[in-house]
Structures are given as C-alpha cells and as structure tokens.
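A.B. asks: One structure follows; several queries about it will come next.
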Amino acid sequence: MHASDRPGTPSGRALNRRAVLWGTALGAASPLIPTTAATAATAAPTAASAGRGGDRAARSVSYRWLGTAGWRIDVGGRTVLFDPYLTRFRTGLFDGGLVPETRLTTDPTVVDAHIGRPEVVLVSHSHWDHLADVPYIAKTTGARVIGTETTYHLLIALGVDSKQISVVKGGEVLDLGTMTVEVVSSLHSRNKNCSYFAPGTLNAPPATVPSTIADLPEGDTLAFQITAGEHGPSAFLMGASDFAEREVRGLRPDLAMIAVPTTTSTTHGYVSRLLRALDAPGVVVPVHWDNFELPLTGSPVRDPAMDLDAFLAQVGTASPGTRTVVPDYRTVYDGDMRPTNR
C-alpha cells in the first residue's frame, strides 16, 4: 500500500492499534496442504519453454492478475493466491483523502468469481489492499494462509482457525507438491519523509475485532518466489515497492512481478538494484500501479501516484534483454507470460 505518499494521508502511527497479551501457541503442526493425486500432476516440459533454469513447464502453469499486487497461480490442478484483494471498496484514497475509519468490506460474489478453489493464500503484509478479503477466502475455502505473525494475529481476531495459518519470517522453502514456495524477507515502500505507511507489528491479537482499514497495520513485509513443478518457471512476487537486496540475491526468477514505486519514493536505485540482484529476469510484470478502488470488470485505470511509463523505461535501461508485460484483469497468461485467452 502506497497511501503514505499522497497528500492528506494520516500518519501510520495514528492508524496503529495496541494489542493485548495472548497466550495461545502459534498453531498446531499440520501439513501445508492435503496430499492428493494432483501432487504429481505436472505437465512435461517442452522444448519451446526452455528457460535459463533448464526445461520450463510453461504450459503447466497459468497466471491471472487480480489487480493491485494480487495473483492467482494454477499448477497441476492446484491453486495458490497471492495478496488477493478483490472487493476493492472505496476509502477516499483516490478521491482527495484517505478515511481511516472506512469499514472493512468483502463482496462474496466478486471474490468467488476470481479465486477458483485455492489451497494456499500467500500474504505479503497486512494492509487492507492485501489482506481485507483473506479472512473470507480462508473461512469459505479452508485454504491455508501463509504470512507474518501480524497477519496471523489479525486473522485469528477475524475468526480464521489458527490451524489454517502458517507463520513465516523469510528463508523458508515450502514444498506444496506441484510447486515450491521460497519465502523472502522484504520491505515496504516509504514516502518522501522516508516513513512507512501504517507501520507496526502485532505479537498478540488486537483487543477488538478489526473493523476498519486503520485496524490493519503493515506488520513487516514478505516477498515470495513460486516455482512450478521441478524445473520452473519461477515467479518472484512483490506486494510493495522495496526489497532487501541481500535477501533476493541468487533467486534468479524467470518472471518478476515487481511493484511500481510512487513518484515520491525514497528508495535509491530501486529498479536497477532489484533487477541486478535478481540477475535480469527474462520477464518483468509491473504490479500495484492500478486504481484498486475501481472494480475488476473493466480495464485497469492507472493510479496517478505511480509513473508506470517511467518504470518501464527504467527496466529497459537497466536490463535491455528483459521483456516487459503490462497485465490486464481479463487475460490468463502461461508460464512465459504470454496470453492463453482473453
């Protein structure tokens, strides 16, 4: 969430909520996802999908952009969601000033139309434009949610079964059967004062059930790299426009879904440093550049705080061999980020 870069946005400190002590252990040990026949159901790699990591099963995986930073990824009959914010309710952010008291809202019809049958939901951080629909998804599908400790405590308060939530910190490599997920410690973007929007972490559930966007602090930020099957493709997924350089070195993804920075970002050399650390991905897909308070039924409308054109130009300069794909809401992409239907 980049709201702190906009005029009139209240400080993150004013949005924090204090947590109370809570003694319940952080979830019982259980498999990340149930074992099914789909575990081995990956398509054979093809010569046309050969990538730098070896043969890439590009035809066995599909990517759908869910707007903002969100993705639906399907591999071998299994679905993983990343930051699925679909209800996209109005908060005033794009209408002159954020209203912190905006009520959290989920539209089941909208959410159900996009998520399929997810078994895992990955959450980068706990701002509303990443987390707001996750409680509904978890409770109605039984999907496991993987995220930070703050995400864990917020979901508990919002009625999600603790046994469905896995807390990660960065560095974990998770075997999900048809795909592998690497958890990467990351950073949230900062405004012109080098400050974070709505910072804060929770080490216990909040005293009251979260009901407004102000009740959802960042709670640290993660990135994830998902590798389909044994040989790829691999996709690096970001929920905010900053990163920890030493944490991403060596990942070498085929695809990089990179959050576009705001025009007031204070991250030095963001694009060039990131692409160098990722070893020049074959494809870069810009995300988090759209107005996420408009419905997904139309074409993406640009967030005026994001300079998408400048971002694309910086990618071209920093990594001339990298192909860029500007996604839309209605296209399903294959493992090479080429449209399979519209």
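A.B. asks: Quick one: how many residues across the stretch 300-311 are buried (at least 16 other Cβ atoms within 10 Å of the Cβ) and either touching a strand residue (DSSP E or B) at 6+ places or on another chain (Cβ under 7 Å) or under 20 Å from D254 (Cβ atoms) (or both)?
C.D. replies: 5
A.B. asks: I'd like to check which strands (runs of 3 or more DSSP E) are fully inside the stretch 224-342 and have at least 1 residues that are among the hydrophobic types (A, V, I, L, M, F, W, C).
C.D. replies: 234-237, 255-259, 283-287
A.B. asks: Next up: What is the residue count in the stretch 184-210 for residues that are part of a loop (DSSP other than H, G, I, E, B), at pLDDT 80 or above and either under 19 Å from the mean Cα position of the chain (by Cα) or surrounded by 15 or more Cβ atoms within 10 Å (Cβ to Cβ) (or both)?
C.D. replies: Number of matching residues: 4.
A.B. asks: For the stretch 165-183, give me the residue count where each residue is in a strand (DSSP E or B) and among the acidic types (D, E).
C.D. replies: 2
A.B. asks: Can I ask one more? Among the candidates T340, T317, T322, which residue alone is hydroxyl-bearing (S, T, Y), surrounded by fewer than 14 Cβ atoms within 10 Å (Cβ to Cβ) and under 25 Å from V61 (Cα atoms)?
C.D. replies: Exactly one of T340, T317, T322 is hydroxyl-bearing (S, T, Y), surrounded by fewer than 14 Cβ atoms within 10 Å (Cβ to Cβ) and under 25 Å from V61 (Cα atoms), namely T340.
A.B. asks: Name the single residue that is surrounded by the most Cβ atoms within 10 Å (Cβ to Cβ) among those in the stretch 281-299 being of a type in the set (A, V, I, L, M, F, W, C) and closer than 18 Å to V184 by Cβ.
C.D. replies: Residue satisfying both the conditions and the ranking: V284.
The values are calculated or read from the model by the stated rules, or taken from the named source; none is laboratory data. Quick caveat, the model's predicted, so the values are computed rather than measured. Methodologically, a virtual Cβ is constructed for each residue, glycine included, from the backbone with ideal geometry; neighbour enumeration extends over all protein chains shown.
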